[in-house]
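What follows is a short report on a single structure.
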């Protein structure tokens, strides 16, 4: 447990894509530091300014830049991927300026998948075929190589409504690449997996963990209504830690049992936060940090007895 540290992410404070509203970048970092988190992930490229400005903002706050999320259209066109790789370069530049961190690669899926989240609940007709998997794995390997060539480390984030969503799809990715995983326990629960089993099965490949609690009923309702506005209903999926359907205490127990030494990053995805909402959001994230540290300590004490 000695190597494990606690972080948060801009999306927990309403930084959603390029829209920020109430979250002023440097104020956001100060807020996270005041809540006793040790690190923060990057927002969208350029959110904190240039790479030099990003490094200065993190230095000023005393926080560590944990990593940056990099969306990739792994089943898209070559033009899509070329555009995405520019974003990867920008994220790598920011991380290098900050002294390192993980490039967190993730598939962007497709419009069809956004309208069919957790598709494995019913069938696999929208999943990739053999050719599609070869293309995806090759692109992951290429992106990972680009990250490693500049001296950074890559991690892959399975995500709802993408081509690497369900446990069996994660297994294919692990078989075809040597990239390690960002285990987002909320996304795995929404995909129908048991996050505790995910920790046990993939322990040797997990180098980053997102702690997220979710209300699965929000997903069920969106599926039943065949909603296509993913970004809208997704803003209601995440809930404060301990108030949703994810067995986070069980996940923490499993992480302690496998001697996990990486970051635990709170992610409570939400829609853009308006300025008057920001203080309440900040209090909620401070409470998430207290809850997580208490339960991590409990897990450690249970393991040692």
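Every read-out reported here was derived from the displayed coordinates using simple, explicitly stated rules and does not represent laboratory data. Bear in mind the structure is a predicted one, so any value in this text is a computation, not a measurement. Methodologically, a virtual Cβ is constructed for each residue, glycine included, from the backbone with ideal geometry; neighbour enumeration extends over all protein chains shown.
Worth a mention:
- Each peptide among 69-77, 164-172 gets the average number of other Cβ atoms lying within 10 Å of its residues, and from highest to lowest they stand as 69-77, 164-172.
- Fraction of antiparallel bridges per DSSP, the chain only, in percent to nearest 5: 10 percent
- Taking every DSSP beta bridge that has both ends in region 1-130, the antiparallel portion is near 10%.
- Taking region 156-191 and a reference point 7 angstrom along Cα→Cβ of residue 216, the backbone N atoms nearer than 11 Å belong to 189-191.
- For the chain, the relative contact order is 23 percent, taking Cα pairs closer than 8 Å that sit 6 or more residues apart in sequence and dividing their mean separation by the residue count.
- Using C-alpha pairs under 8 Å with a sequence gap of at least 6, the mean separation divided by the residue count of region 207-262 gives a relative contact order of 48 percent.
- 222 nm mean residue ellipticity, helices alone, for the chain (DSSP H n ≥ 4; -39,500 (n - 2.57); rounded to 500): -14500 deg cm²/dmol
- Label-to-label distance, nm, for residues given as residue 298 and residue 53 (7 Å Cα→Cβ offset): 4.3 nm
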